[in-house]
1. Roughly how many debye, to the nearest 20, is the charge dipole of the range 404-475 about its Cα centre, given +1 on each Lys and Arg Cβ, -1 on each Asp and Glu Cβ, and no other charges?
2. Over all alpha-carbon pairs of the chain, lay out the pair-distance distribution in 20 Å bins, whole %, shortest bin first.
3. In what order do Glu37, Glu304 fall by count of nearby beta-carbon atoms within 10 Å, going from fewest to most?
4. Using only Cα atoms, find the angle between the long axis of helix 10-28 and the longest principal axis of the chain, and express it within 0 to 90 degrees, rounded to the nearest 10.
5. In the neighborhood of His203, defined by Cβ-to-Cβ distances under 15 Å, what is the net charge if each Lys or Arg adds +1 and each Asp or Glu adds -1?
6. When the Kirkwood hydrodynamic radius is evaluated over all pairs of different C-alpha atoms of the range 404-475, what value in angstrom, to one decimal, is obtained?
7. Taking the chain, how many lysine pairs are there with alpha carbons less than 18 Å apart, if each pair must be eight or more places apart or span two chains?
8. Evaluate Rg over Rh across the range 204-357, taking Cα atoms for both radii and Kirkwood's formula for Rh.
Amino acid sequence: MSDIRADFNAADWSILAAYFIVLLIVGFWKRKQNTAEYVIANRNLSLVVFVATLVATWYGGILGAGEFVYTSGVLAWVTNGLPYYVFAVLFALFLAPKIRAAGVSIYTIPDKMAATYDTKTALLAAAFAFVYATPATYVLMAGTLLHILFGWPLLYSMIVGIVFSVIYVYRGGFLSDVRVNVVQFLLMFAGFLMAAWLCLTRHGGFAYLKSPGVLPATYLQPLGGQTLGYAIVWFFIALVTLADPGFHQRCYAARSPRVAQVGILLAVVCWGLFDFLTTTTGLFARALRPGLTDGAMAFPALAELIMPHGLKGLFYVGMLAPIMASVVSYTFIASMTIGRDFIWRLRGDKDDSKVPHYTRIGMGATSILSIAIAFAIPSVVQQWYFFGSVLVPGILIPLLAAYTTGSRWKANSDFTFASMLLGAGTAFGWFCWGWMHGGLDNPGFLWGVQPMYPGLAVAAVVYGVGLVGDKLPRK
């Protein structure tokens with residue numbers, strides 16, 4: 001664990017305390033809610049709120065962004081920015097309106113899979129969605145920042161972080177989540193605008209970064225010394241955008257298909273602006289604080305070096321805001337997956353009135369699993385890489401097919417289930433081979449092939465066989 005500690009004065013602590021107080025006030029305000037209000041805000045998110053909640057929750061990996069820039073330079077944007085813009089735009093143009101128009105009984109991805117295929121396929125999709133939505137990455141980052149701020153052991157910091165992050169959503173549901181996200185959206189931009197401005201105006205601007213010896217030679221190169229194949233892998237990983245439960249949930253909750261579509265396009269613009277801020281700040285962290293043993297500490301280390309008191313508190317709040325937004329949102333999604341897609345579906349309730357109760361039950365299981373995963377895979381970037389590489393082969397093809405018109409691209413449920421299971425299983429098995437032949441940090445993959453490729457290939461072949469078999473004439 002890093003030995004960096006926040007050096008705060010009264011002004012910094014006041015800003016941090018005000019942030020937590022505002023979260024509780026905004027998050028705990030609620031009115032009596034039915035199930036639709038609790039899980040998707042009664043499908044009434046306005047454009048402004050839709051953009052704010054999507055931007056804040058999608059950028060929860062703020063320390064991971066700092067880690068990637070610190071260790072790789074602008075390659076971080078090429079691999080973790082640009083690919084996601086591409087697939088978010090495709091999502092907006094081709095999927096968002098269809099998702100919003102899916103039907104009044106569709107709340108989750110497994111709901112859509114159940115309506116298109118069958119219950120077993122929906123349950124497998126729920127398992128994938130639950131594992132992916134489990135916010136271990138964000139719990140780790142929230143715990144890390146609380147450790148820096150208060151000096152608590154990491155385990156206690158993660159427990160406090162997840163409890164404080166979800167306490168109001170336990171009561172107020174998705175509506176509390178999105179209201180808080182608006183506050184967090186404003187604070188993340190305020191914190192990083194200030195940080196980038198300080199770096200550029202007081203430390204030589206971009207000319208300083210280009211000076212010989214300030215940064216490694218590869219840091220300002222698009223590929224950062226890596227091969228084109230390495231960058232292409234991240235484009236495949238970014239396919240997870242099309243199956244991200246957070247995107248789908250917010251589209252279900254949008255006021256109209258138009259709000260969902262335009263909202264995602266505007267969110268891409270916001271992500272681009274925020275990526276500029278984080279990349280700039282990360283490069284200055286590498287230039288001004290070289291030699292950090294943990295790249296995830298890039299932003300906190302920079303704060304301790306250059307931030308005056310008061311502004312330092314704002315910057316830490318700017319880091320905490322998107323992290324906590326993601327902890328809350330993905331905990332809620334994972335908990336709803338347990339509540340609606342497992343408990344409610346398996347119990348066969350006649351109506352969905354108990355879904356909020358079942359969802360609250362899921363919050364405990366989600367929190368415990370998140371902390372366990374955070375300890376097992378203590379690198380933010382590794383978590384993104386692993387879960388994206390396994391989830392995409394498992395769910396992407398049948399999910400996209402579910403939103404096509406007619407039956408031409410829909411295989412029968414048995415082949416769909418097999419495609420999902422074998423696709424994800426192949427990718428996971430490929431990881432296991434790599435870990436056994438190189439370790440967790442430097443896996444030696446079979447034939448040097450990344451796990452997502454064979455996973456997608458197997459899933460496509462099995463699903464394709466199902467499509468062809470359904471079209472063959474029967475005797």
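1. Dipole of the range 404-475, to the nearest 20 debye: 500 debye.
2. Answer for the chain: a P(r) of 24, 58, 17, 1, 0 percent.
3. Arranged by neighbour count, lowest to highest, Glu37, Glu304 become Glu304, Glu37.
4. Here the helix axis deviates by roughly 20 degrees.
5. Taking every Cβ under 15 Å from that of His203, the sum is +3.
6. 13.5 Å
7. On the way: Lys32/Lys354; Lys98/Lys112; Lys98/Lys410; Lys112/Lys120; Lys112/Lys410; Lys120/Lys410; Lys410/Lys471.
Taking the Cα cut-off of 18 Å, the pair count is 7.
8. My calculation of the ratio gives 1.08.
We did not get these values from a lab; they are worked out from the coordinates using the rules stated. Just so it is clear, the model here is predicted, and its values are computed rather than measured. Here the Cβ is made from the backbone with ideal geometry for all residues, glycine too, and neighbour counts use every protein chain on show.
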